[in-house]
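These notes are about the structure you will find just below.
The values are calculated or read from the model by the stated rules, or taken from the named source; none is laboratory data. What you see is a predicted model; the values in this text were computed from it and never measured. No Cβ is skipped: glycine too gets one built from the backbone with ideal geometry, and neighbour counts run over all protein chains shown. Please note that ligands, DNA and RNA were not included when accessible areas were found on the heavy atoms of the full protein model with its side chains. Shrake-Rupley method; radii C 1.70, N 1.55, O 1.52, S 1.80 Å.
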Amino acid sequence: MENLITLVNKIQRACTALGDHGEGSSLPTLWDSLPAIAVVGGQSSGKSSVLESVVGKDFLPRGAGIVTRRPLVLQLHRIDEGREYAEFMHLPKKKFTDFAAVRQEISDETDRETGRSKQISTVPIHLSIFSPNVVNLTLIDLPGLTKVAVDGQPESIVLDIENMVRSFIEKPNCIILAISPANQDLATSDAIKISREVDPKGDRTFGVLTKIDLMDQGTNAVEILEGRSYKLRYPWVGVVNRSQADINKSVDMIAARRREREYFQTTSEYRHLSERMGSEYLGKMLSKHLETVIKSRIPGLQSLITKTIAELETELNRLGKPIAADAGGKLYMIMEICRAFDQTFKEHLDGTRSGGEKINGVFANQFPAAIKRLQFDKHLSMDNVRKLITEADGYQPHLIAPEQGYRRLIESCLVSIRGPAEAAVDAVHAILKDLIHKSVGETSELKQYPTLRVEVTGAAIESLDRMREESKKATLLLVDMESGYLTVEFFRKLPQDAEKGGNPTHSIFDRYNDAYLRRIGSNVLSYVNMVCGSLSNSIPKSIVHCQVREAKRSLLDFFFTQLGQKEVSQFTPVAASSLSLSLSLSLSLNPSFFQRRTNIAKRLELYRSAQSDIEAVAWSK
């Protein structure tokens, strides 16, 4: 059974070393799951004297006002023989055999954390005492409850201490040791009041009555000690501490214990209770109870640890691997992150993720609708047809069909298709750019490295910009090709002027009558519609080839080329140093991610260590 208390002591020390103080945070806490005994009492309740009596040593700071300003985790280890000594967790290689020095170190360590401003802190001090005169036990000494702030303390100190004490004792795994002085009305006891709030049935509370020997003559504490005045699940324990005069005279603690036993055995009111009174009994009883509670909690603790380890490992994997120290490892890591991003981007285009379907929307809806809005009928109005036909003929009317007029009319229509074609290129570019940002956001590794995220995003968008320019050239070239070479077969099917009644002897204005001009406009519109149909198929193909497929194939090629050039240059010492620095800058972690990953790694280390320790104790039984 003693191994169980040693086990919890070890885990508690690991909790403090790795930053788990049971405070509210986004990380799971093991500290709150461990059974512990918290010592609660008001100032001048005799709390420090009770602890010293259980230990059998003077070691706690004393003085006016609030002396205990940080939780003190006091771990008692029984040894068979040898000299008594103490160890602090923050001074692991130093053994204290002078307990006056222990008292001073508690004060000094408190000031290191809180300063000399008399503020309080929830970060505990861990003190282990090894002695043949103690039982295996762990107690947490909390700051004494107070009703007024003293000089140098903020007005909020009263509430701050109360909140700290409550944060410890409200946990279901906490055993409350409530210290109350017998020479004050129990109804005004700070310890009983706050204990009742968090443990109304008294299932976790042990009552300790101090200063019994200082009660007014003719009064006694029998009703309280027998549980008639205030009933708890466990019997009250009365103690008689050393008086201030005894402390001043440095009365030996062993002698004080002996006098305490004699007091209860010889005082008629308490003689029948003497077997369960005194600090020595209190220590043994608490040790036994703590062992029982720990044993009952072990299965649940194992399940909690196993579950939490899995959750922490998942979170750590999500946050990514630690950064390699050498340039080659950093380069490899950057390449892997880039590949993850590139794969996410491709998944958007291929339909595994959403977004790529918007490109098809450009070709199926936006581009055709833009062409329909071109209003070719305005280009082919009667006046415009007459104007372009006559201008194309110059000083000599055409002989058969107005070929030059046809060309000018067609070119004036086709040139307007350049606008929708460029708009389609820009629309696809905007979609690809949006997918870049989406993919960056969905690549968890890039969230950790803001500098690399900016570099990859910039490189990808630069590539898209180059692809857009190439796509515009190719797309507009398709339009210009249609303007530069007309389909001959279409014109051969057109009727000749002479066959339709054209007479070259008539004046040019008589010759270009309205019916004739309407027929020319109709022929041109038919040809332009044929070309639009052809471009509606060829322009999307050009855009996909120049932008979409090229983005899938070589989005980060230029970025990779730059990295490769850096790698080649590292063979000179100066260049190698420059490369390492450059890569380190790229892999500069987001501070919040870095802190989160560090915290999770520490917490995972704590849980794995606890799991190993618990299994070792379980196997030894």
From Glu269, Glu336, Glu262, residue being outside any helix (DSSP H, G or I) and either touching a residue at least 12 places away in the same chain (Cβ under 8 Å) or open to solvent by 20 Å² or more (accessible area, probe 1.4 Å) (or both): Glu269
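Within segment 436-454, can you find the residues that are open to solvent by 40 Å² or more (accessible area, probe 1.4 Å), at pLDDT below 90 and not hydroxyl-bearing (Ser, Thr, Tyr)? It would help to see each step written out before you state the result.
Step one: filter segment 436-454 for residues open to solvent by 40 Å² or more (accessible area, probe 1.4 Å), giving 437-438, 442, 445, 447, 451, 453-454.
From what's left, at pLDDT below 90: 445, 447, 451, 453-454.
Matches in segment 436-454: Glu445, Lys447, Arg453, Val454.
Residue-wise test of (1) under 23 Å from Gly56 (Cα atoms); (2) of a type outside the set (Gly, Ala, Ser).
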residue	(1), (2)
Ile157	no, yes
Val165	no, yes
Ser189	no, no
Val222	no, yes
Gly227	no, no
Val240	yes, yes
Gln244	yes, yes
So Leu476 ticks every box in (1) closer than 18 Å to Leu555 by Cβ; (2) at pLDDT below 95 but one. Which box is left unticked? (1)
Lys57: under 17 Å from Ile254 (Cα atoms), open to solvent by 10 Å² or more (accessible area, probe 1.4 Å) and charged (D, E, K, R), yes or no? yes
Criterion first (within 27 Å of Gly56 (Cα to Cα), touching a residue at least 60 places away in the same chain (Cβ under 8 Å) and not aliphatic (A, V, I, L, M)) does Asn133 satisfy it? yes
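Can you find, within segment 185-205, the residue that is most open to solvent (accessible area, probe 1.4 Å) among those that are β-branched (Val, Ile, Thr) and in contact with a Lys or Arg (Cβ under 8 Å, 6 or more places away or on another chain)? Give the steps one after another, and end with the answer.
The initial filter retains those residues of segment 185-205 that are β-branched (Val, Ile, Thr), namely 188, 192, 194, 198, 205.
Next, from what is left, pick out any that are in contact with a Lys or Arg (Cβ under 8 Å, 6 or more places away or on another chain): 194, 198, 205.
Values: Ile194: 7, Val198: 34, Thr205: 3 Å².
My answer is Val198.
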Does any residue in segment 431-447 that is closer than 10 Å to Gly355 by Cβ come within less than 6 Å, Cβ to Cβ, of a residue that is at pLDDT below 90 and surrounded by fewer than 19 Cβ atoms within 10 Å (Cβ to Cβ) six or more places away or on a different chain, and which pairs are these? Leu435/Gly355
Quick one: Thr505 ticks every box in (1) at pLDDT 90 or above; (2) more than 24 Å from Cys413 (Cα to Cα) except a single one, so which number is it? (1)
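For segment 517-530, which positions are crowded, with 20+ Cβ neighbours inside 10 Å and closer than 24 Å to Ala424 by Cα?
Here is the first cut: in segment 517-530, the residues crowded, with 20+ Cβ neighbours inside 10 Å are 517, 520-521, 523-524, 527-528.
Within segment 517-530, Tyr527, Val528 qualify.
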From Ile179, Ile140, Ile125, residue being under 15 Å from Ala36 (Cβ atoms), in contact with a Lys or Arg (Cβ under 7 Å, 6 or more places away or on another chain) and of a type outside the set (Asp, Glu): Ile125
Only one of these is at pLDDT 85 or above and crowded, with 17+ Cβ neighbours inside 10 Å: Leu282, Leu319. Name it. Leu282
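Output the residues belonging to segment 463-473 that are in contact with a helix residue (DSSP H, G or I) (Cβ under 7 Å, 6 or more places away or on another chain) and open to solvent by 30 Å² or more (accessible area, probe 1.4 Å).
Arg468, Glu470, Lys472
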Please go through (1) at pLDDT 65 or above; (2) part of a helix (DSSP H, G or I); (3) open to solvent by 20 Å² or more (accessible area, probe 1.4 Å); (4) of a type outside the set (Gly, Ala, Ser) for Phe367 and return the number of the only condition it doesn't satisfy. (3)
